[in-house]
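The values are calculated or read from the model by the stated rules, or taken from the named source; none is laboratory data. Quick caveat: nothing in here was measured; it's all calculated off a predicted structure. For neighbour counting, all protein chains shown are included, and Cβ atoms are generated from backbone atoms with ideal geometry for every residue, glycine included.
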Amino acid sequence: MPDFAIKSKKIVTPVGVRPGLVLVAGGRIAAVLPEDAAVAVPITDVQERAVLPGIIDPHVHINEPGRTDWEGFDTATRAALAGGLITLVDMPLNSAPVTTSVAAFEQKLAATAGQLHVNCGFWGGVVPGNAHEIEGLIARGVLGFKAFLTHSGIGDFPNATEADLRRVMPVLARHGLPLLVHCELSQADNTWMRGDKRSYQNYLASRPKRWEDEAVALMIRLCRDTGCRTHIVHLSSADSLPQLAAAKAEGLPLTVETGQHYLFFHAEDLPDGQTRYKCAPPIRERANNEQLWQALQSGLIDFVATDHSPAPPALKQIDTGDFTTAWGGIASLQLALPVLWTGAQPRGASLVDLARWLSENPAQLIGQQHRKGRLEAGYDADLLVLDAEATFTVTEELLHHRHKVSPYVGEQLRGVVEQTYLAGELAYQHPEFVRLNQGQILTR
C-alpha cells in the first residue's frame, strides 16, 4: 500500500519535465503517474516547485575520524541534507588514519555511529605499499579507490606512482570497481613561493595546465592497458578535453568530473589575498572555463561534484592571505545545486540536465544506478523539492558545515531547496531539519 504522493507541475524524469504524481511506498518510488491520477493516499502538492532525484556527491572530504576540527560526519551530512544531497561518498583523506587499510576503514565506519543524516559510502585509498590491502577493502565494501599523482597535502597519503597503479588497477578491473585519480604530474619547483605570496596569479602559474594534461594522458594509457574503470576527478584544464574525447570515442571505460568552482569563478576576477579560492588544481581563466561548460553540456564531462574540502580558518590563512601556505580546498557542499544551476540556467540547461549532472551520472560511478539517481518506479524515494526561480544571498549563518569559510559567501545564487526526502521520509523542510540520523552506510 503506498504511503503518500508528491504532486508537482514539474516532475523531473530522465526523459523530460512533466506534471505528475510521485507515488511513494516503503521508502521507494512505486510509480510516477499523471497529475490527475486517482490515488487513495495523502498528497503533498508542491505546485510549481520541481521534484528532482536527490543529489549524489561522490567527492567529499568529511575528515572523520582524526580531523574533526576540520569537518565531521554530523556537520557534513547536515549541510548535505539542507542542500538536497542524499548520498555522499567520503574520500580516504583527510581523516586520520587515512582509509588505506581494512583496520582504518573499520575505524571510519565506527565513527559514523549516530551521525549520518544522509547516506554515505566510502572510497579506499591507493598509496605506495598498500596493494596487499586492496582485496580486503573491496571485501569490506568500499565503492572504489582514489589515488593522487601529486602530493596530496598530507604526509600520510603520498602520491601513487605508475608502478603502484599498474599493480592495483588489474585487481579493480576484475571487480569492476573504479579508480578515481587526482591528475597532476607535478615538478619540484618552489621558486614561485619566493614571489608575491598573496598573488592569486602567482599561485595559478605554479600549477600549469601541463601538469593535468600529462597526468590525464598517463591515466588514459593505464586505462587502456588494464581495462580498469578510470575516473578523472575535478578536471580544470580544458586542454585535456581533446584527448579525453578521443579516449571515450575509443570506448575506454573512462569518466570525468569537474567541480562547481571551476565553472562559477574565473581566475581574472579573483582578488589577491583571498585564500578562500585556493584549490588544486586551481581555478583557471574564463575562456578555459567556458570550454569546460561546453564539454559538460555535450556529455564529454559526465558530472559535477563539489570536492568539499574544508579546513579551519587558520589553515586557510584567512588572516594573512598567504597562498604559499594556505590549505587548498573549497567548502561548498550545501551549495552544490544552486551554484551549478546559477551558471547553467543562463546557458540554456534544463532541470533534466541538472538531474543528470548531479544525480543520475554520479549514481553510475558509485554502482548505485539501479536504485538511485532517477525518478522512476523501483528507485529509492530520495527526493528534493526545488524552487528553481528563487534567489538568495549566501551568508555564513545559512551554512551548516563546520567552518563558514567559503568563497561563495556574499554570492547571489538561484535555486532554493525547499524539501529533502530520504527513503520517502521528509527530513528537511527549509529552513528546518525535520528528521536526523536517518542516513545509511552504502557498501557495494
Quiz item: Assuming Tyr421 fulfils every condition listed in (1) closer than 24 Å to Ala113 by Cα; (2) outside the structural domain of Ala31 (by TED's automatic domain parsing); (3) hydroxyl-bearing (Ser, Thr, Tyr) apart from one, which condition is it?
Solution: (2)
Quiz item: Does segment 333-345 contain any residue that is farther than 25 Å from Leu300 by Cβ, in the same structural domain as Arg67 (by TED's automatic domain parsing) and hydroxyl-bearing (Ser, Thr, Tyr)?
Solution: no
Self-check item: Sole residue being outside any helix (DSSP H, G or I) and at pLDDT 95 or above, chosen from Cys223, Cys279
Solution: Cys279
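Is there a residue in segment 275-282 that is small (Gly, Ala, Ser), closer than 22 Å to Ile62 by Cα and out of contact with any helix residue (DSSP H, G or I) (no Cβ under 8 Å at 6 or more places or on another chain)? Please lay out each step first, then the result.
Taking segment 275-282 first, the residues small (Gly, Ala, Ser) are 280.
Now drop any that are not closer than 22 Å to Ile62 by Cα, which leaves 280.
Now narrow it down to the ones that are out of contact with any helix residue (DSSP H, G or I) (no Cβ under 8 Å at 6 or more places or on another chain): 280.
Yes.
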Quiz prompt | segment 417-429 residues that are under 16 Å from Ile43 (Cα atoms), paired with ones that are part of a loop (DSSP other than H, G, I, E, B) and of a type in the set (S, T, N, Q) (beta carbon under 9 Å, 6 or more apart) | solution = Glu425/Gln438
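Any residue at all in segment 389-397 that's crowded, with 23+ Cβ neighbours inside 10 Å and touching a Ser or Thr at 6+ places or on another chain (Cβ under 9 Å)? Steps first, answer last, please.
Let us first name the residues in segment 389-397 that are crowded, with 23+ Cβ neighbours inside 10 Å, namely none.
No, segment 389-397 contains no residue that is crowded, with 23+ Cβ neighbours inside 10 Å and touching a Ser or Thr at 6+ places or on another chain (Cβ under 9 Å).
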Quiz item: When residues of segment 230-268 are filtered for being touching a Pro at 6+ places or on another chain (Cβ under 6 Å) and either in contact (Cβ under 8 Å) with a residue 60 or more places away in the chain or surrounded by fewer than 21 Cβ atoms within 10 Å (Cβ to Cβ) (or both), how many remain?
Solution: 1
Quiz item: Among the strands (runs of 3 or more DSSP E) confined wholly to segment 5-57, which include 1 or more residues that are surrounded by fewer than 17 Cβ atoms within 10 Å (Cβ to Cβ) and at positive phi?
Solution: 16-25
Exercise. For residues that are more than 18 Å from Gly328 (Cα to Cα), of a type in the set (Lys, Arg) and not in a helix (DSSP H, G or I), tally how many sit in segment 168-210.
Key: 0
Quiz item: Which one of these is surrounded by 20 or more Cβ atoms within 10 Å (Cβ to Cβ) and touching a Phe, Trp or Tyr at 6+ places or on another chain (Cβ under 9 Å): Leu375, Leu384?
Solution: Leu384
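Looking at Glu432, Glu411, which is the one that is in contact with a helix residue (DSSP H, G or I) (Cβ under 9 Å, 6 or more places away or on another chain) and acidic (Asp, Glu)? Show your work before the answer.
Values: Glu432 fails: in contact with a helix residue (DSSP H, G or I) (Cβ under 9 Å, 6 or more places away or on another chain).
Being in contact with a helix residue (DSSP H, G or I) (Cβ under 9 Å, 6 or more places away or on another chain) and acidic (Asp, Glu) holds for just one of Glu432, Glu411, which is Glu411.
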Quiz item: So Ala111 fits all but one of (1) within 25 Å of Gly54 (Cβ to Cβ); (2) surrounded by 24 or more Cβ atoms within 10 Å (Cβ to Cβ); what number is the exception?
Solution: (2)
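Considering only segment 257-271, I want to know if a residue exists there that is in a helix (DSSP H, G or I), within 28 Å of Pro346 (Cβ to Cβ), touching a Gly at 6+ places or on another chain (Cβ under 7 Å) and in the same structural domain as Leu143 (by TED's automatic domain parsing). Break it down stepwise before answering.
Within segment 257-271, the first condition is being in a helix (DSSP H, G or I), and the residues that meet it are 260-264, 267-269.
From the residues that got through so far, the ones that are within 28 Å of Pro346 (Cβ to Cβ) too are 260-264, 267-269.
If we keep only those that are touching a Gly at 6+ places or on another chain (Cβ under 7 Å) too, we end up with 263-264.
Checking the rest, the ones that are also in the same structural domain as Leu143 (by TED's automatic domain parsing) come to 263-264.
The answer is yes; a qualifying residue exists.
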Self-check item: Residue pairs meeting the criteria (Cβ under 6 Å; at least 6 apart or on separate chains; first under 18 Å from Ala80 (Cβ atoms) and not assigned by TED's automatic domain parsing to the domain that holds Glu162, in segment 107-136; second among the hydrophobic types (A, V, I, L, M, F, W, C) and at pLDDT 95 or above)
Solution: none
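So which of Ala76, Ala160, Ala147 is outside any loop (DSSP other than H, G, I, E, B), in contact with a strand residue (DSSP E or B) (Cβ under 6 Å, 6 or more places away or on another chain), crowded, with 21+ Cβ neighbours inside 10 Å and not polar (S, T, N, Q)? Reasoning before the result, please.
Numbers: Ala76 fails: in contact with a strand residue (DSSP E or B) (Cβ under 6 Å, 6 or more places away or on another chain); Ala160 fails: outside any loop (DSSP other than H, G, I, E, B).
Answer to the check: Ala147.
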Quiz prompt | Top-ranked residue in segment 168-215 [being over 17 Å from Ser152 (Cα atoms) and β-branched (Val, Ile, Thr); ranked as modelled with the lowest pLDDT] | solution = Thr191
